[in-house]
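Quick notes on the structure that follows.
Throughout, read-outs are computed from the coordinates displayed, never taken from laboratory work. This is a predicted model, so every value here is computed, not measured. All Cβ positions, glycine included, derive from the backbone under ideal geometry; neighbour counts span all protein chains shown.
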Amino acid sequence: MPSFKVTRKAQADLIAIGRFTLKEWGTLQRNNYLLQLDHCFSQLAENPEIGSACDFIAGGYRKFPQGSHLIFHKRGAKGVVEIIRVLHESVDVDSKF
């Protein structure tokens, strides 16, 4: 089964997403949204070439939309997909890399 690894920056993004979602929409929505993101990470591990190329950030980077966020990822060592960042679609991407 293909696997994925979440970087520290992506972990921090997920914590911030969870806190914001909890504050705005409550526990159930937070849990549902984080579960959707996790499911998407698994899909990316199985199909690492989906999404749009983001070579302007770094070679091999790709982005994939999920809900209101963009998941930045790349295929790492031994085929493990690295989840690099999870950023809101309105964020200036260049300032985050």
Tally the residues that are surrounded by 16 or more Cβ atoms within 10 Å (Cβ to Cβ), hydrophobic (A, V, I, L, M, F, W, C) and over 19 Å from residue 8 (Cβ atoms), restricting the search to the stretch 50-81.
2
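Say we look at the stretch 1-33 and pick out the residues that are among the basic types (Lys, Arg) and more than 15 Å from the chain's Cα centre (by Cα); which of these is farthest from residue 83 (Cα to Cα)?
Pass one, the stretch 1-33, residues among the basic types (Lys, Arg): 5, 8-9, 19, 23, 30.
Pick out the ones that are also more than 15 Å from the chain's Cα centre (by Cα) and you get 19, 23, 30.
Values: 19: 19, 23: 25, 30: 20 Å.
Applying the filter and picking the extreme gives 23.
Test of understanding: among 44, 28, which residue is among the hydrophobic types (A, V, I, L, M, F, W, C), over 18 Å from residue 91 (Cα atoms) and surrounded by 12 or more Cβ atoms within 10 Å (Cβ to Cβ)? Break it down stepwise before answering.
Values: 28 fails: surrounded by 12 or more Cβ atoms within 10 Å (Cβ to Cβ).
The unique qualifying residue is 44.
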Strands (runs of 3 or more DSSP E) wholly in the stretch 10-97 with at least 3 residues that are in contact (Cβ under 8 Å) with a residue 24 or more places away in the chain and out of contact with any His (no Cβ under 8 Å at 6 or more places or on another chain) - which ones?
69-75
